[in-house]
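The values are calculated or read from the model by the stated rules, or taken from the named source; none is laboratory data. From a predicted model like this one, the values you see are computed outputs, not experimental measurements. Cβ placement follows ideal geometry from the backbone for every residue including glycine, while neighbour counts extend to all protein chains displayed. SASA here: full protein model, heavy atoms, side chains in, ligands and nucleic acids out. Shrake-Rupley method; radii C 1.70, N 1.55, O 1.52, S 1.80 Å.
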Amino acid sequence: MRAASCRGVRYEGPMPEITMTPIGKVRSTRAVPDDDRWDCETASIELDPKQFSGEAFAGLDEFSHVEVVYLFDRVDPQKVEKGARHPRNNPAWPKVGIFAQRGKNRPNRIGTTICCIGRFEGLRLHVTGLDAIDGTPVLDLKPWVREFGPRGELRQPAWIGELMTRYWTATT
(Lines give C-alpha, C1' and ligand atoms only; values in the text may rest on other atoms or scores of the structure.)
Protein backbone atom coordinates (compact mmCIF):
# COMPACT_ATOMS: atom_id res chain seq x y z
CA MET A 1 0.00 0.00 0.00
CA ARG A 2 1.30 3.45 -0.85
CA ALA A 3 0.44 6.75 0.72
CA ALA A 4 0.87 10.07 -1.06
CA SER A 5 3.22 12.67 0.40
CA CYS A 6 4.11 16.21 -0.63
CA ARG A 7 7.39 15.03 -2.19
CA GLY A 8 6.13 12.00 -4.05
CA VAL A 9 5.00 8.51 -3.13
CA ARG A 10 5.80 7.13 0.31
CA TYR A 11 6.05 3.37 0.78
CA GLU A 12 3.93 2.04 3.65
CA GLY A 13 4.72 -1.70 3.35
CA PRO A 14 6.64 -4.00 5.70
CA MET A 15 10.26 -3.30 6.58
CA PRO A 16 12.55 -5.00 4.07
CA GLU A 17 15.28 -7.38 5.18
CA ILE A 18 18.77 -6.16 4.31
CA THR A 19 21.80 -8.25 3.43
CA MET A 20 25.28 -6.72 3.30
CA THR A 21 28.64 -8.01 2.22
CA PRO A 22 31.61 -6.55 4.09
CA ILE A 23 34.10 -4.64 1.95
CA GLY A 24 36.98 -5.72 4.17
CA LYS A 25 38.05 -6.07 7.76
CA VAL A 26 39.80 -4.24 10.53
CA ARG A 27 43.36 -5.13 11.42
CA SER A 28 44.09 -3.89 14.93
CA THR A 29 46.42 -4.47 17.84
CA ARG A 30 43.30 -4.86 20.02
CA ALA A 31 41.46 -8.19 19.99
CA VAL A 32 39.11 -7.57 22.94
CA PRO A 33 36.37 -4.91 22.95
CA ASP A 34 37.45 -3.02 26.08
CA ASP A 35 35.81 0.37 26.45
CA ASP A 36 38.71 2.82 26.84
CA ARG A 37 42.17 3.86 25.62
CA TRP A 38 41.58 3.31 21.90
CA ASP A 39 44.41 5.68 20.91
CA CYS A 40 46.87 3.09 22.25
CA GLU A 41 46.02 0.87 19.29
CA THR A 42 47.35 0.64 15.75
CA ALA A 43 44.66 -0.05 13.17
CA SER A 44 44.10 -0.42 9.46
CA ILE A 45 41.32 -1.35 7.05
CA GLU A 46 42.13 -4.25 4.74
CA LEU A 47 39.90 -4.39 1.63
CA ASP A 48 38.66 -7.73 0.31
CA PRO A 49 40.89 -8.55 -2.71
CA LYS A 50 38.06 -10.54 -4.31
CA GLN A 51 36.01 -7.36 -4.58
CA PHE A 52 38.52 -4.51 -4.87
CA SER A 53 41.82 -3.35 -6.26
CA GLY A 54 43.90 -0.53 -4.85
CA GLU A 55 42.06 1.80 -7.23
CA ALA A 56 39.15 1.80 -4.78
CA PHE A 57 41.26 4.18 -2.65
CA ALA A 58 42.00 6.58 -5.54
CA GLY A 59 41.50 10.17 -4.38
CA LEU A 60 40.95 9.25 -0.72
CA ASP A 61 44.47 10.50 0.04
CA GLU A 62 43.18 14.04 -0.64
CA PHE A 63 41.12 13.84 2.58
CA SER A 64 42.37 14.02 6.15
CA HIS A 65 39.67 11.78 7.65
CA VAL A 66 37.51 8.83 6.71
CA GLU A 67 34.29 7.59 8.27
CA VAL A 68 34.47 3.84 8.89
CA VAL A 69 31.18 1.93 9.05
CA TYR A 70 31.54 -1.50 10.63
CA LEU A 71 29.65 -4.37 12.21
CA PHE A 72 29.87 -5.32 15.89
CA ASP A 73 29.90 -8.94 14.76
CA ARG A 74 30.82 -10.43 18.14
CA VAL A 75 27.85 -8.99 20.00
CA ASP A 76 25.55 -11.84 21.01
CA PRO A 77 22.17 -11.19 19.31
CA GLN A 78 20.52 -12.09 22.63
CA LYS A 79 22.30 -9.11 24.23
CA VAL A 80 21.08 -6.55 21.70
CA GLU A 81 19.35 -3.70 23.52
CA LYS A 82 16.09 -2.28 22.17
CA GLY A 83 15.02 -0.25 25.18
CA ALA A 84 16.77 1.85 27.79
CA ARG A 85 19.70 1.09 30.08
CA HIS A 86 22.40 2.85 32.08
CA PRO A 87 25.40 3.44 29.75
CA ARG A 88 28.12 0.91 30.64
CA ASN A 89 25.68 -0.32 33.31
CA ASN A 90 26.78 2.59 35.49
CA PRO A 91 23.86 3.53 37.80
CA ALA A 92 25.43 6.99 38.31
CA TRP A 93 24.49 7.79 34.72
CA PRO A 94 20.86 8.11 33.67
CA LYS A 95 18.96 5.26 32.09
CA VAL A 96 18.65 6.27 28.44
CA GLY A 97 17.42 4.59 25.26
CA ILE A 98 19.82 2.72 23.02
CA PHE A 99 19.56 5.52 20.44
CA ALA A 100 20.80 8.06 23.03
CA GLN A 101 24.11 6.22 23.45
CA ARG A 102 26.79 4.66 21.26
CA GLY A 103 27.02 1.24 22.90
CA LYS A 104 27.86 -1.81 20.80
CA ASN A 105 24.71 -3.77 21.71
CA ARG A 106 22.67 -1.86 19.12
CA PRO A 107 19.71 -3.27 17.18
CA ASN A 108 21.69 -3.71 13.94
CA ARG A 109 25.11 -3.82 15.64
CA ILE A 110 26.46 -1.07 13.34
CA GLY A 111 29.30 1.16 14.49
CA THR A 112 30.81 4.27 12.92
CA THR A 113 33.98 6.17 13.69
CA ILE A 114 35.67 9.11 12.02
CA CYS A 115 39.38 8.30 11.74
CA CYS A 116 42.47 10.17 10.66
CA ILE A 117 43.87 8.81 7.39
CA GLY A 118 47.45 7.64 7.66
CA ARG A 119 49.06 5.84 4.75
CA PHE A 120 48.00 3.45 2.01
CA GLU A 121 49.66 0.09 1.33
CA GLY A 122 48.02 -1.71 -1.59
CA LEU A 123 44.61 -2.78 -0.27
CA ARG A 124 45.34 -1.54 3.25
CA LEU A 125 44.46 1.87 4.66
CA HIS A 126 46.23 2.74 7.91
CA VAL A 127 44.18 4.96 10.24
CA THR A 128 44.34 6.42 13.72
CA GLY A 129 41.41 6.67 16.09
CA LEU A 130 39.53 3.51 15.12
CA ASP A 131 37.62 1.87 17.97
CA ALA A 132 37.04 -1.52 16.38
CA ILE A 133 38.77 -4.79 17.23
CA ASP A 134 40.86 -7.03 15.00
CA GLY A 135 38.81 -8.91 12.41
CA THR A 136 35.76 -6.62 12.61
CA PRO A 137 33.88 -6.59 9.28
CA VAL A 138 33.96 -3.19 7.55
CA LEU A 139 30.75 -2.31 5.71
CA ASP A 140 31.74 0.98 4.11
CA LEU A 141 34.25 3.83 4.01
CA LYS A 142 33.27 7.43 3.32
CA PRO A 143 35.53 10.45 3.13
CA TRP A 144 34.76 12.86 5.96
CA VAL A 145 33.49 16.07 4.43
CA ARG A 146 33.27 19.19 6.61
CA GLU A 147 29.91 20.14 5.10
CA PHE A 148 28.39 16.87 6.36
CA GLY A 149 29.46 17.71 9.90
CA PRO A 150 27.08 19.22 12.41
CA ARG A 151 25.55 22.59 11.59
CA GLY A 152 24.80 24.92 14.47
CA GLU A 153 25.64 24.60 18.14
CA LEU A 154 26.31 21.17 19.62
CA ARG A 155 24.93 20.01 22.95
CA GLN A 156 25.21 16.82 24.93
CA PRO A 157 24.53 15.67 28.50
CA ALA A 158 27.27 15.79 31.13
CA TRP A 159 27.35 12.00 31.61
CA ILE A 160 28.63 11.41 28.06
CA GLY A 161 31.59 13.70 28.78
CA GLU A 162 32.39 11.58 31.84
CA LEU A 163 32.05 8.37 29.82
CA MET A 164 34.41 9.67 27.13
CA THR A 165 37.12 10.91 29.55
CA ARG A 166 39.42 7.92 28.94
CA TYR A 167 37.87 6.60 25.73
CA TRP A 168 40.62 7.86 23.41
CA THR A 169 43.44 8.65 25.84
CA ALA A 170 46.64 6.69 25.38
CA THR A 171 47.59 6.96 29.05
CA THR A 172 46.18 5.27 32.16
- Hits in the range 58-68 - residues which are part of a loop (DSSP other than H, G, I, E, B) and open to solvent by less than 60 Å² (accessible area, probe 1.4 Å): 59
- Message: Quick check on my filter: what residues within the range 21-52 are at pLDDT below 95 and either part of a loop (DSSP other than H, G, I, E, B) or out of contact with any Phe, Trp or Tyr (no Cβ under 7 Å at 6 or more places or on another chain) (or both)?
- Response: 29, 30, 31, 32, 33, 34, 35, 36, 37, 40, 41, 42
- residue 71: more than 15 Å from the chain's Cα centre (by Cα) and not small (Gly, Ala, Ser), yes or no? no
- Determine, yes or no, whether residue 151 is in contact with a helix residue (DSSP H, G or I) (Cβ under 7 Å, 6 or more places away or on another chain), farther than 19 Å from residue 18 by Cβ and modelled with pLDDT under 95. no
- Which condition does residue 155 not pass, out of (1) open to solvent by 80 Å² or more (accessible area, probe 1.4 Å); (2) closer than 12 Å to residue 67 by Cβ, if it passes all the others? (2)
- Item | Test result for residue 155, in a loop (DSSP other than H, G, I, E, B), without any contact (Cβ under 8 Å) to a residue 24 or more places away in the chain and touching a Gly at 6+ places or on another chain (Cβ under 9 Å) | no
- Message: For the range 109-136, give me each residue that is assigned to a strand (DSSP E or B), in contact with a helix residue (DSSP H, G or I) (Cβ under 8 Å, 6 or more places away or on another chain) and under 15 Å from residue 37 (Cα atoms).
- Response: 128
- Task: Output yes when any residue across the range 69-76 is of a type in the set (Phe, Trp, Tyr), part of a loop (DSSP other than H, G, I, E, B) and closer than 21 Å to residue 28 by Cα, and no when none is.
- Result: yes
- Task: Please specify each residue of the range 122-152 satisfying the condition of being open to solvent by 30 Å² or more (accessible area, probe 1.4 Å), among the acidic types (Asp, Glu) and touching a residue at least 60 places away in the same chain (Cβ under 8 Å).
- Result: 134, 140
- Among residues of the range 13-41 being hydroxyl-bearing (Ser, Thr, Tyr) and touching a residue at least 24 places away in the same chain (Cβ under 8 Å), the residue nearest to residue 70 (Cα to Cα) is 21
